[in-house]
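For reference, the structure is listed below as structure tokens.
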Amino acid sequence: MFKPEMFFDLSDWEHRDLFESVDQVWEALPIIKTYLRAKQQVDLADYFPGEHFLTRLTVIYQGERLEDHLALTPGEATKGHYRVSYKNQELEGAIVFYGGVTLSGKEISIGEGSVVESGAFIQGPVLIGRQTEIRQGAYLRGGCLVGDRCVVGHTTEMKNSIMMSGAKAGHFAYIGDSILGRECNLGAGTKLANLKLVRTTIRIKGDAGIIDTGLRKFGAILGDGTETGCNCVTSPGTLLGPKSLVTPNTTVKAGYFPRQSVIR
């Protein structure tokens, strides 16, 4: 059995109820969108009625939309170093949208202190936490739950996936139908492949034999603190235990790898 607790510390994660009815960890994937729609906090469509492409710098602060008299001091939002001022007054927890961001549809929410850079495309339903960076050219295709202090990086694509707090995919990554635990880090060019070449469901080998996930699309489960080197590829149905390491330029075969595995 591959229970969520084998991979993640859920004790104080604010979205742990997503896993309450889950037996096998991958069973959370088909219910992400339903969960997001039930948990939406602030729908950005309320701030940008009828707008999909933002043409100028915009800040959301304490329920207000601000566009003029703004001054930015860029820094790492994940560490609380990004500064926003309005008429010479610092706005702690302001949410920043650069011009050139596309917001597609409704059911998109984002937490305080987060920054969305030019060229990002976000399609709902999406829930983004606090102090998170959505960098230039990122593509969130819907069904994305992104925690606090995360990075969805330059030309990184994410679809029907979860990034728990502190997870980072800084450069050129693909995250499809996958779950990244706390403080995971994907090296540049990491691809979490989610679809087999043959048209069959994805199966996982366990202690009791082969388990059919029933899923055609299933990428990878990365336990807390797992890291991949640059240009890694995980095969559909890869499960990496906490604090595992994948060396650069490695293709990981499908299956379960226990805690602190080193895959070369």
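Laid out as a table, the results:
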item	result
Pairs, first part of a loop (DSSP other than H, G, I, E, B) in segment 148-161, second acidic (Asp, Glu), C-beta under 6 Å, six or more apart	ASN160/ASP177
Complete set of residues in segment 18-35 that are modelled with pLDDT under 95 and more than 18 Å from GLY214 (Cβ to Cβ)	GLU20
Residue within segment 33-40 that is among the hydrophobic types (A, V, I, L, M, F, W, C), closer than 21 Å to SER178 by Cβ, exposed (fewer than 15 other Cβ atoms within 10 Å of the Cβ) and without any contact (Cβ under 8 Å) to a residue 24 or more places away in the chain present	no
Residues of segment 217-258 classified as in a strand (DSSP E or B) and either at positive phi or of a type in the set (Gly, Ala, Ser) (or both), total	2
Hits in segment 120-147 - residues which are closer than 21 Å to CYS184 by Cβ, free of Cβ contacts under 8 Å to residues at least 24 places away in the same chain and either in contact with a helix residue (DSSP H, G or I) (Cβ under 6 Å, 6 or more places away or on another chain) or of a type in the set (Phe, Trp, Tyr) (or both)	TYR139
Any hit, segment 203-216, residues being at negative phi and surrounded by 23 or more Cβ atoms within 10 Å (Cβ to Cβ)	no
Strands (runs of 3 or more DSSP E) contained in segment 59-119 and holding at least 3 residues out of contact with any helix residue (DSSP H, G or I) (no Cβ under 8 Å at 6 or more places or on another chain) and over 18 Å from ASP148 (Cα atoms)	64-66, 70-73, 83-86
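The values are calculated or read from the model by the stated rules, or taken from the named source; none is laboratory data. Remember, predicted model here, so these are calculated numbers, not experimental data. Reconstructed Cβ throughout: ideal geometry from the backbone, glycine too, with neighbour counts over all protein chains shown.
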